[in-house]
Amino acid sequence: MNKRAGSAAEKTSTAPVLVNVVIPPLESPLTYELPEALRGSIEIGYRVEVPLGRRRAFGYVVSTQSADERPADTNSDFKIKSVLEDGEHLRCFDPLQLEFFTWIADYYGDSLSNVIDVAIPPAVPPKFERFVKLSGTAAPKLTGKAQAEVLKILSEQKEPLDLATLSRRVKGCARVLKGLEEKGLVQILSEELVDHHVSSEAIPQWAKSAVDLNAEQQRALHDIDAATRDKEFKAFILHGVTGSGKTEVYIEAIRQALERGQGALIIVPEIALTPQLIDRFRARLGNNLAVLHSALHKRSRWDSWRALLEGRCQVAIGARSGIFAPVPNLGLIVVDEEHESSYKQAEGLRYNARDLALVRAKLQNCSVVLGSATPSLESYLNAVKNKYTLISLPARHSSGSGLEISVVDLNRVKPWEMASRNISPQLAAALKDTLDRKEQSFLLYNRRGFASYLQCESCQATMDCPNCSVTLTFHKNQNSLQCHYCSLSLVVPEFCPSCRGSDGKSSAPLVQRGAGTEKIFEELETLFPTARISRLDRDSVADNDAYRRILNSVRDGSTDILVGTQMIAKGHDLPGVTLVGIVDCDVGLHMPDFRAGERVFQLLTQASGRAGRGDKAGLVLLQTRVPNHPSIAKTCDKDFRGFAEIELENRKSLGYPPFSRILRIVISSPNQEFGSQYARHLRALLDSSVQQRELPLSVLGPTVAPIARIRALWRWHFLVKGTSPSHLNQVMRDVSTHAPKSTQVRLVFDMDPQDLM
Ligand code: ADP
Ligand code: ZN
Ligand code: ZN
């Protein structure tokens with residue numbers, strides 16, 4: 001699957017003559033000759049321009065050869081082509097990173113070419129801007145008014161003036177400048193434009209420029225720093241309750257590493273990578289910070305990448321793809337909220353950035369810190385087994401006030417007692433108290449839209465997506481029915497389309513079932529007409545600016561109640577919030593996924609952690625119909641370990657991760673019959689691979705995937721379970737080599753899947 005050319009070690013002291021170049025999407029590297037002029041200046045990690053067939057293409061140098069390594073047996077009509085001398089050649093990655101990329105390709109069963117394509121942001125060639133300044137003092141004869149005018153304008157400038165501005169002020173500026181340049185009166189400079197998006201904005205007042213760590217934080221820092229200094233691989237789980245000051249520990253550990261000249265990498269979930277978090281880091285680390293983010297403009301992203309590559313920045317902060325950042329002299333990797341399933345890429349190269357952090361730390365002999373208030377069971381078990389070092393921060397930094405969590409058992413509230421459809425009298429009273437005290441509330445409801453689905457009152461039919469086997473969500477604001485899987489959006493029908501009477505008319509009405517954030521928002525508006533209420537979910541934040549505006553409105557006190565999906569649960573440090581209400585804890589609890597209970601526990605605990613972060617006490621109310629479920633009861637007890645013990649016991653008895661590893665194979669096809677046959681055939685291939693190699697693996701499937709159809713493709717899956725990833729890897733290779741190719745099916749291999757739907 002992964003054909004690799006020679007490795008970095010083959011480099012010889014004589015300048016290489018041949019380079020092996022991967023040209024995505026081609027899987028295998030091709031060999032090119034370096035023209036004389038480029039020898040010595042191009043090495044592993046460069047993006048070069050090469051001829052490919054009749055066109056020019058970009059590719060990355062992954063290995064090099066000197067002249068005497070040139071293959072001897074090339075037949076005479078085979079001629080190695082040459083890297084284009086007039087092409088664009090940019091350094092794109094550090095040769096040190098190649099081993100990491102190769103590991104990833106092997107583990108996830110992909111090509112090195114695709115890994116590099118995913119890892120490296122698209123290079124943006126440098127852009128130069130031209131500036132003009134006065135030069136020389138001699139005053140030869142000027143010809144014309146225009147020349148005099150240009151000289152006058154320039155003499156008024158302190159800095160060289162950019163050509164674009166000058167052109168706007170003086171007609172025919174280019175010709176005039178040419179004349180002046182010939183006379184030696186002006187000089188035209190060319191300067192590269194670099195996007196200083198991070199450093200140009202002022203650091204806000206609230207961001208602390210220094211803190212004194214408390215005793216527990218200091219102990220954590222000491223251990224992490226000792227390992228970082230030793231330049232040995234060591235992994236830590238920093239288990240600290242929300243608000244215990246984990247972020248402050250990361251920042252100090254990075255500062256100390258920087259003082260020794262070691263670089264650092266911080267990975268945070270996409271959703272937590274807010275300008276506010278970046279501001280916190282900037283306030284303490286200065287402009288040494290390169291931000292990598294898929295939502296950044298292409299040039300900003302490339303400039304950040306290059307700043308690291310060239311050593312101008314030594315710290316990178318990024319979302320999932322930040323794990324590839326070319327941090328110089330890497331000493332420490334931090335993965336914040338390590339339990340987040342969004343660290344796993346769901347498409348294409350299905351890597352998990354959290355897992356890769358450990359791999360990279362091992363390859364580069366550095367320390368790695370996985371931080372969370374709710375560590376994943378995978379990480380926690382490694383700590384229990386002493387593979388990783390567990391550090392605990394058991395108390396909040398500002399613990400004077402405390403956090404109270406209690407359950408509202410909805411079984412005990414009669415429907416007519418509810419303050420509104422979804423808000424209990426207890427939650428309504430707490431909201432009112434909080435408003436009266438001029439404090440702020442967060443309300444979590446982890447579903448978008450207004451109603452989960454529409455159903456016909458007469459024939460009970462639900463409005464389903466025509467392409468997927470899911471119901472359509474009613475979005476009232478946009479007056480549409482939307483599929484959250486294929487993004488289809490339909491006009492809301494007035495009456496049931498399924499049970500039109502024989503006369504072609506029908507009046508069977510559709511009723512709304514289930515709720516969403518829009519509905520909760522509306523209920524709140526009715527209950528508290530004077531409160532200032534905002535909504536935070538994927539529909540309300542079209543872009544980063546909207547996200548920032550909404551969070552800032554909470555920080556500056558202009559929002560009283562923020563209702564939202566899991567987006568409100570993540571990382572935010574907003575001291576004015578004293579009440580968190582979870583409208584329905586049970587959403588997500590009954591998903592056919594062995595991690596469902598763990599995910600709910602994490603979400604509830606994280607959301608709870610948003611309350612009472614300042615000096616006032618926090619209150620959390622959990623509305624539920626299953627108050628004794630461990631995910632809810634243990635959230636209430638603030639007992640991560642208790643939850644982990646129960647859940648690990650379950651997983652062990654069922655042989656699920658972290659007690660096993662899983663390879664998921666998904667088959668999808670537009671043709672139900674064909675797909676189903678293909679899946680059965682694949683089972684035979686799987687069995688023969690397992691038997692021939694005598695691998696201790698169990699194969700489950702094929703079964704129809706929990707979501708049987710997405711985007712008009714029918715779906716089946718296999719779960720292959722084992723204890724060794726290398727066994728799974730062998731099966732993956734066998735099946736992918738021998739599976740019949742067909743345009744009718746799509747085959748996806750997912751190592752360590754997070755998504756089982
Ligand atoms: P976590 O990352 O564990 O959720 P944070 O690092 O965000 O916690 O800390 C919560 C709040 O407490 C932040 O406002 C942070 O600045 C503050 N804080 C944490 N540790 C200290 C400290 N030692 N001195 C002053 N403030 C601190
Ligand atoms: Zn009907
Ligand atoms: Zn759909």
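Where a number appears in this text, it was derived from the coordinates with a stated rule and is not lab data. It should be emphasised that the depicted structure is a prediction, and the values quoted were computed from it without experimental measurement. Here Cβ is always computed from backbone atoms with ideal geometry, including for glycine, and neighbour counts include all displayed protein chains.
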Practice task
Could you work out how far the C-alpha centroid of segment 207-283 sits from that of segment 582-604, in angstrom?
Solution key: 30 Å
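With +1 on each Lys and Arg Cβ and -1 on each Asp and Glu Cβ, how big is the dipole of segment 476-562 about its Cα centre, in debye rounded to the nearest 20? Write out the running numbers ahead of the final one.
Numbers: 11 positive and 12 negative charges, 30 e Å.
Using only the charged Cβ atoms, the result is roughly 140 debye.
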Exercise for the section: Report the full-extension gain for the segment LYS387 to ALA148: residue separation times 0.36 nm, less the Cα-Cα distance, to one decimal in nm. Expected result: 78.5 nm
Exercise for the section: Report relative contact order for segment 451-514 in percent, whole number only (criteria: Cα-Cα under 8 Å, sequence separation at least 6). Expected result: 38 percent
Fill in the blank from the handout: Taking 609-619, 576-586 and ranking on average Cβ neighbours within 10 Å, highest first, one gets 576-586, 609-619
Completion exercise
Taking Cα atoms only, Rg over Rh for the chain with Rh from the Kirkwood formula is 1.01
Fill in the blank from the handout: Taking 206-214, 159-167, 521-529, 534-542 and ranking on average Cβ neighbours within 10 Å, highest first, one gets 534-542, 521-529, 159-167, 206-214
Practice task
Return the lysines within reach of LYS298: Cα separation strictly under 16 angstrom, same-chain partners fewer than 8 residues apart disregarded; answer none if there are no such residues.
Solution key: LYS127
Problem - Under 28 Å from LYS79, Cα to Cα: lysines that are on another chain or at least 8 residues apart - result: LYS3, LYS11
Exercise for the section: Keeping to pairs on different chains or 8 or more places apart, tell me how many lysine pairs in segment 128-192 have Cα atoms under 17 Å apart. Expected result: 13
Problem - Fewest-first ranking of TYR388, TYR343, using other Cβ atoms within 10 Å as the exposure measure - result: TYR388, TYR343
Practice task
Return the percentage of antiparallel bridges among DSSP beta bridges fully within the chain, rounded to the nearest 5 %.
Solution key: 55 percent
Fill in the blank from the handout: Taking alpha-carbon centroids only, segment 636-704 lies from segment 337-380 a number of Å equal to 21 Å
Fill in the blank from the handout: Computed D for segment 16-119, Stokes-Einstein, Kirkwood radius over alpha-carbon pairs, 4 °C, 1.567 mPa s, to the nearest µm² per second, is 92 µm²/s
Handout entry: Too-long pairs where the Cα-Cα distance tops 20 Å, listed order kept, from LYS344/LYS519; LYS570/LYS638; LYS231/LYS362; LYS438/LYS616; LYS652/LYS721; LYS246/LYS638
Key = LYS344/LYS519
Completion exercise
Once normalised by the length of the chain, the mean sequence separation of its alpha carbon contacts under 8 Å that are 6 or more apart gives a contact order in percent of 10 percent
Exercise for the section: Per DSSP H run of at least 4 residues, take -39500 (n - 2.57); add these up for the chain, divide by its residues and hand me the 222 nm value, nearest 500 deg cm²/dmol. Expected result: -9000 deg cm²/dmol
Completion exercise
Highest mean packing first, using Cβ neighbours within 10 angstrom, the peptides 151-158, 719-726 sort as 719-726, 151-158
Handout entry: In Hz, Karplus ³J(HN,Hα) per residue of segment 524-534 (6.51, -1.76, 1.60; θ = phi - 60°; x = Gly, Pro)
Key = 5, 4, 6, 6, 10, x, 9, 6, 9, 10, 10
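Report the full-extension gain for the segment ASP162 to ASN467: residue separation times 0.36 nm, less the Cα-Cα distance, to one decimal in nm.
104.4 nm
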Handout entry: Paramagnetic reach from ALA712 in segment 727-757 [backbone N under 12 Å; point 7 Å along Cα→Cβ]
Key = none
Problem - Cβ-based charge dipole, segment 661-751, positive-most Cα from VAL748, GLN730, ILE707 - result: ILE707
